[in-house]
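For reference, the structure discussed in these notes is given below.
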Amino acid sequence: MHASIKTLKVSRRQRERGAAAVEFALAAILFFTVLFAIIDFSYLFFANLTMQHAVREGARYAVTGQFALDPVNSDRCAAATARIREQSMGLYDRMNPKVVFKTVNADGSITPVACANANQIIVIEVSCDLPLLTSFLQPFFANGNYSFKASTTMKNEAFK
């Protein structure tokens with residue numbers, strides 16, 4: 001009888017250890033899901049803010065009439081795009097964005113004309129598809145990518 005009580009105590013201890021492992025596994029899944037979601041969302045917000053900054057810097061470069069970043073063609077739009085790439089901290093190449101330049105005319109109409117002339121308003125819009133860092137949130141986004149747009153509007157200065 002003494003041996004069966006000892007066996008009963010050992011099996012109870014082993015069962016408790018197994019229950020602790022199952023509880024840890026369930027808690028770990030929840031913990032890592034929340035952790036990776038926080039990391040992904042932080043990365044998405046960082047990318048959005050960085051691209052918005054880069055677009056503003058590119059537009060500021062364009063409205064001053066500069067084109068030194070594209071000296072071969074003297075194209076202000078290409079120079080502005082180069083400035084956006086330079087200011088994006090490497091995110092531009094990771095996303096392969098689409099950059100669109102528009103001009104706001106005096107009557108308020110918008111035309112898809114390059115970087116416009118002096119004293120005209122330009123709009124620069126960058127459409128981005130950013131792949132997520134982890135696979136935890138990919139099912140919640142189309143094609144596993146976060147799609148967003150960063151844009152800015154500025155008036156060209158009176159350059160030559």
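All of the numbers you see were taken from the coordinates with simple rules; none came from a lab. This one's a predicted model, so the numbers in the text were calculated from it and none came from an experiment. With ideal geometry, Cβ positions are generated from the backbone for all residues, glycine too; neighbour counts draw on all protein chains shown.
Identify all residues within the stretch 100-149 that are in contact (Cβ under 8 Å) with a residue 24 or more places away in the chain, over 20 Å from Thr64 (Cα atoms) and in a strand (DSSP E or B); write none if there are none. Walk me through how you get there before you give the answer.
Our first condition is that a residue be in contact (Cβ under 8 Å) with a residue 24 or more places away in the chain; within the stretch 100-149, this holds for 100-101, 104, 114-134, 136-137, 146, 148-149.
Add one more test, that the residue is over 20 Å from Thr64 (Cα atoms), and what stays is 127-134, 136-137, 146, 148-149.
The answer is Ser127, Cys128, Asp129, Leu130, Pro131, Tyr146, Phe148, Lys149.
Of the residues making up the stretch 111-128, those that are closer than 18 Å to Lys98 by Cα and out of contact with any Pro (no Cβ under 8 Å at 6 or more places or on another chain) are Thr111, Pro112, Val113, Ala114, Cys115, Ile122, Val123, Ile124, Glu125. Looking only at the stretch 25-64, residues that are free of Cβ contacts under 8 Å to residues at least 60 places away in the same chain and either over 29 Å from Pro139 (Cβ atoms) or basic (Lys, Arg) (or both) come to 3 in all.
Scanning the stretch 55-93 for residues that are under 22 Å from Ser147 (Cβ atoms) and assigned to a loop (DSSP other than H, G, I, E, B) gives Ser88, Met89, Gly90.
One residue stands out among those in the stretch 67-113 that are touching a Lys or Arg at 6+ places or on another chain (Cβ under 7 Å) and surrounded by 15 or more Cβ atoms within 10 Å (Cβ to Cβ): the one that is nearest to Thr152 (Cα to Cα), which is Tyr92.
Scanning the stretch 133-156 for residues that are touching a strand residue (DSSP E or B) at 6+ places or on another chain (Cβ under 7 Å) and not β-branched (Val, Ile, Thr) yields Gly144, Asn145, Tyr146, Ser147, Phe148, Lys149, Ala150, Ser151, Met154, Lys155, Asn156.
Please enumerate the residues belonging to the stretch 121-153 that are surrounded by 14 or more Cβ atoms within 10 Å (Cβ to Cβ) and aliphatic (A, V, I, L, M). Passing the criteria: Ile121, Ile122, Val123, Ile124, Val126, Leu130, Leu132, Leu133, Leu137, Ala150.
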